[in-house]
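Participant: Could you have a look at this structure, given as structure tokens, before my questions?
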Amino acid sequence: MPAVLAEVMTTIDRLWPIEGAEPWDAPGLVAGDPAAEVERVLLAVDAVGATVDEAIGLDADLFIAHHPLLLRGVTSIAEDRYKGALLARLIRADCALLAAHTNADVVERGTSAVLAARLGLVDPRPIVPGADPALGLGRVGRLPEPTTLGRLARLLADLLPPTATGVRAAGGYDDVVETVALCGGAGDSLLGDPAVRAADVYITADLRHHPASEAREQALVGGGPALVDVSHWASEWLWLDAAAAELRTAHAELDVRVSELRTDPWDFQVVQ
């Protein structure tokens, strides 16, 4: 028989405890009746027009997005604005919307942990641990055997879903790398962390010009990692399969799907 949304929310809070979220974050139930029945669930990184279409087309009762649709202050959900239009469509389709964001980043099978596992990192640990040292932002570990920066970038390009911007690297193509720090999503705020500074390479997304430039200049003076910049969406998309598997284990009665739609915002790149 179907589950009740409140029961699924209890499971979600056990898997990705909301108290683990960053103070600025807004995870949790965005829209939906906790007493409603749930049979089909769709997971995606982003709640955008295409994935909302997919959820409604699948007759999903619950749409779990990694990124919160209402992250910052909102004063209107009028339907001439895209957030209001998306919410209205989900509500009319009786599809609840729930966000699992930084609370899903810090857990043992969170976004960074999944990426670390797919790279085969040995003895991975959080870059920024919480009260429980096994939990926290990012991961740092070592590769099973040393490789080069170029080969690691190629491995990432093969591992992650394709995007217009691909994989960018700062450092020598043949530089040897073994210790890897990484953070799924936007992680330039961790560039100064001692664990990142001590790594051979730091993999993250959304690296901006000035933080990246300053980190590379500092590396010339006092040491520091090579940098690998990947798509924000792609770096977190790998987590969806792990999240779906956890939900299926907890709720065998649910039909849990993972969206394969690319919600990376870039469509193409012209190489000079």
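Participant: If exposed GluC sites (Glu not before Pro) are those in a DSSP loop with at most 15 other Cβ within 10 Å, what is the longest stretch of the chain that has none?
Facilitator: 109-252
Participant: Still on this structure, please answer the following. Nearest 20 debye, what's the magnitude of the dipole of the stretch 92-204 about its Cα centre given +1 on Lys and Arg Cβ and -1 on Asp and Glu Cβ?
Facilitator: Using only the charged Cβ atoms, the result is roughly 220 debye.
Participant: With an 8 Å cut-off on Cα pairs and a minimum separation of 6 or more residues, tell me the relative contact order of the chain in percent.
Facilitator: 20 percent
Participant: For a quick check: with amide H placed at 1.01 Å from N, whose amide H comes under 5 Å from Ala96's, ignoring anything fewer than 5 positions away on the same chain?
Facilitator: Those qualifying (amide H under 5 Å, at least 5 residues apart or on another chain) are Leu62, Phe63.
Participant: Which value in deg cm²/dmol, rounded to the nearest 500, describes the helix-derived mean residue ellipticity at 222 nm for the chain, given -39,500 (n - 2.57) per DSSP H run of n ≥ 4 and division by the residue count?
Facilitator: -10000 deg cm²/dmol
Participant: At Ala117 and His210, where each label point lies 7 Å from the Cα along Cα→Cβ, what is the point-to-point distance in nanometres?
Facilitator: Each label point is offset 7 Å from its Cα along the Cβ direction, giving 3.8 nm.
Participant: Within 10 Å of each candidate Cβ there may be at most 14 other Cβ atoms; applying that plus a DSSP loop requirement, which trypsin sites (Lys or Arg not before Pro) in the stretch 178-242 survive?
Facilitator: Arg208
Participant: Can you tell me the 0 to 90 degree angle between the C-alpha axis of helix 149-159 and the longest principal axis of the chain, rounded to 10?
Facilitator: 20 degrees
Participant: According to a simple spin-label model (label point 7 Å from Cα along Cα-to-Cβ), what is the distance in nm between Ala36 and Val176?
Facilitator: 5.7 nm
Participant: Count charges around Arg14 for me, please; just the other residues with Cβ under 15 Å from its Cβ, Lys/Arg as +1, Asp/Glu as -1.
Facilitator: After counting each charged neighbour, the total is -4.
Participant: Moving on to the next point. Would you mind classifying the stretch 13-90 by shape? Square roots of the alpha carbon gyration tensor eigenvalues, ordered a ≥ b ≥ c; an a/c under 1.5 is rounded, otherwise it is prolate if a/b is larger than b/c and oblate if not.
Facilitator: It is oblate, given that a/c is not under 1.5 and a/b is not larger than b/c.
Read the figures in this text as sums done on the coordinates, not as results from a lab. Given the structure is predicted, the values throughout are model-derived calculations rather than measurements. A quick note on method: Cβ atoms are made from the backbone with ideal geometry, for glycine too, and the neighbour counts reach across all protein chains shown.
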